[in-house]
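Worksheet: the structure to be examined is printed underneath.
The values are calculated or read from the model by the stated rules, or taken from the named source; none is laboratory data. Computed from a prediction, not measured in an experiment: that's the story for all the values here. Virtual Cβ from ideal backbone geometry, glycine too; neighbours counted across all protein chains shown.
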Ligand SMILES: *[C@@H]1O[C@H](CO)[C@@H](O)[C@H](O)[C@H]1NC(C)=O
Ligand SMILES: *[C@@H]1O[C@H](CO)[C@@H](O)[C@H](O)[C@H]1NC(C)=O
Ligand SMILES: *[C@@H]1O[C@H](CO)[C@@H](O)[C@H](O)[C@H]1NC(C)=O
Ligand SMILES: *[C@@H]1O[C@H](CO)[C@@H](O)[C@H](O)[C@H]1NC(C)=O
Ligand SMILES: *[C@@H]1O[C@H](CO)[C@@H](O)[C@H](O)[C@H]1NC(C)=O
Ligand SMILES: *[C@@H]1O[C@H](CO)[C@@H](O)[C@H](O)[C@H]1NC(C)=O
Ligand SMILES: *[C@@H]1O[C@H](CO)[C@@H](O)[C@H](O)[C@H]1NC(C)=O
């Protein structure tokens, strides 16, 4: 149980700022939620500032089931979240390793920027451990793959990706809430979504100097695994450990859809161009059929015709301007009413800040 563990963690042994010792805990220990620093008890997931990966990031292999029997009803949901969290935690870990305080003060950003990114990295490591613990003993806990985010040594691209990743996580989390069996799972998912929101609200205010609000409600989207599948774009092909389940599970493997940023930035009222970036995974359009671009914003969705000749559509001007995100899919039916009616996407169109580099 996430919040009920009463056994003291090993956190007292951690000296803040020092590397976390690796390779000292056995796999059988890792399957026990009381093993290692415990989220919400250990300061590791808040205050650690070292460059070495914090627990449990040093333990990359999948954790095999510790007991036999049927999986718990929410195990697949948490396996998907854990595999996604490996992506996100590695994004921050790579950033913490690549940059330092000067990388961001040189851009004119507050001198707390690097420190905040370290703390977010710590929070994400805590998510890894929380998600591992939520998977029951009868199911494997997925391990780490290798990830390439393409930011190299450029802190501006890192920061732009940071916002996209946080906003995407937040939009994603409204999906599994609708699929969870346990009430406690739903509560934990909302708690995690709120933390991802804090991460992106911080970035909107302190990094981008923007109004951080998103209107009365953030965008909800029911097909959570379609969002997760987009993160496979960061996974180095063939790098996942053998014992990992397919990710996401189940996987539609829809064509990856990106924004043609030379046409527009995808704001309300703009013509928007879609790019299908995977040569071997292109949507199979039939020129005698009609297709639709379905745009989701808050609890609304609006359908407009999709032009298969030039891969374009228009972001509905009926949506409020400049707030939160708009999520777009290409569908065979207006409103994309079933999972199977989605043909490509989703694509997240950030509506703020106005100064985000267009390369993203
Ligand atoms: C950050 O790294 C650069 C390059 O290695 C170095 O010159 C600079 O002093 C470092 N800044 C801090 C605050 O550690
Ligand atoms: C960070 O910036 C604040 C004001 O923006 C300043 O008061 C503080 O001294 C700075 N801290 C360091 C360590 O440079
Ligand atoms: C979730 O909570 C509701 C309302 O308290 C309860 O009726 C239901 O049985 C709970 N579901 C599970 C799976 O425990
Ligand atoms: C992107 O839009 C520009 C401007 O309309 C167009 O010239 C270009 O072909 C588009 N790129 C793709 C890959 O569709
Ligand atoms: C394209 O759609 C038309 C009309 O529904 C259908 O008759 C035709 O068989 C479809 N072509 C392919 C290749 O699926
Ligand atoms: C795509 O085609 C539509 C319909 O002909 C047209 O209105 C639109 O301007 C075109 N967009 C681009 C980017 O070529
Ligand atoms: C989009 O809105 C329509 C009309 O309210 C609704 O029937 C449909 O289920 C919605 N689509 C999704 C994916 O929620």
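Quick notes
- Filter result (under 15 Å from residue 128 (Cβ atoms) and in contact with a helix residue (DSSP H, G or I) (Cβ under 7 Å, 6 or more places away or on another chain)) within the range 39-60: 39, 42, 44, 45, 46, 48, 53, 54, 55, 56, 57, 59
- Options 265, 301: the member that is within 23 Å of the chain's Cα centre (by Cα), modelled with pLDDT under 95 and surrounded by 12 or more Cβ atoms within 10 Å (Cβ to Cβ): 265
Let's see how each residue does on (1) crowded, with 19+ Cβ neighbours inside 10 Å; (2) more than 19 Å from the chain's Cα centre (by Cα):
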site	(1), (2)
201	no, no
209	no, yes
231	yes, no
240	yes, no
252	no, no
259	yes, no
269	no, yes
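- When 316, 346 are screened for being over 19 Å from residue 230 (Cα atoms) and either assigned to a loop (DSSP other than H, G, I, E, B) or modelled with pLDDT of 95 or more (or both), only 316 passes.
- Just one of the listed residues (63, 88) is surrounded by 22 or more Cβ atoms within 10 Å (Cβ to Cβ), over 19 Å from the mean Cα position of the chain (by Cα) and closer than 30 Å to residue 178 by Cβ, namely 63.
- So residue 227, is it under 25 Å from residue 115 (Cβ atoms), part of a helix (DSSP H, G or I) and more than 16 Å from ligand 5 (Cβ to nearest atom): no
- Cβ-Cβ under 8 Å pairs, at least 6 apart or on other chains, the range 180-199 side over 19 Å from residue 46 (Cβ atoms) and touching a residue at least 12 places away in the same chain (Cβ under 8 Å), far side outside any helix (DSSP H, G or I) and more than 14 Å from ligand 3 (Cβ to nearest atom): 184/2
- No other residue among 329, 294, 304, 272 is part of a strand (DSSP E or B), in contact with a strand residue (DSSP E or B) (Cβ under 9 Å, 6 or more places away or on another chain) and within 30 Å of residue 75 (Cβ to Cβ) apart from 329.
- Only one of the listed residues (75, 70, 40, 47) is on the phi > 0 side of the Ramachandran plot and modelled with pLDDT of 95 or more. That residue is 40.
- Considering residues of the range 263-278 that are without any contact (Cβ under 8 Å) to a residue 60 or more places away in the chain and more than 27 Å from residue 215 (Cβ to Cβ) only, the residue farthest from ligand 6 (Cβ to nearest atom): 278
- Qualifying residue in the range 279-288 (condition: over 19 Å from residue 350 (Cβ atoms), in a helix (DSSP H, G or I) and either within 16 Å of ligand 6 (Cβ to nearest atom) or without any contact (Cβ under 8 Å) to a residue 60 or more places away in the chain (or both)): no
- For residue 29, the conditions (1) free of Cβ contacts under 8 Å to residues at least 24 places away in the same chain; (2) more than 16 Å from ligand 2 (Cβ to nearest atom); (3) not in a helix (DSSP H, G or I) are fulfilled apart from (3).
- Failed condition for residue 333, given (1) surrounded by fewer than 18 Cβ atoms within 10 Å (Cβ to Cβ); (2) closer than 30 Å to residue 107 by Cα; (3) at pLDDT 95 or above: (2)
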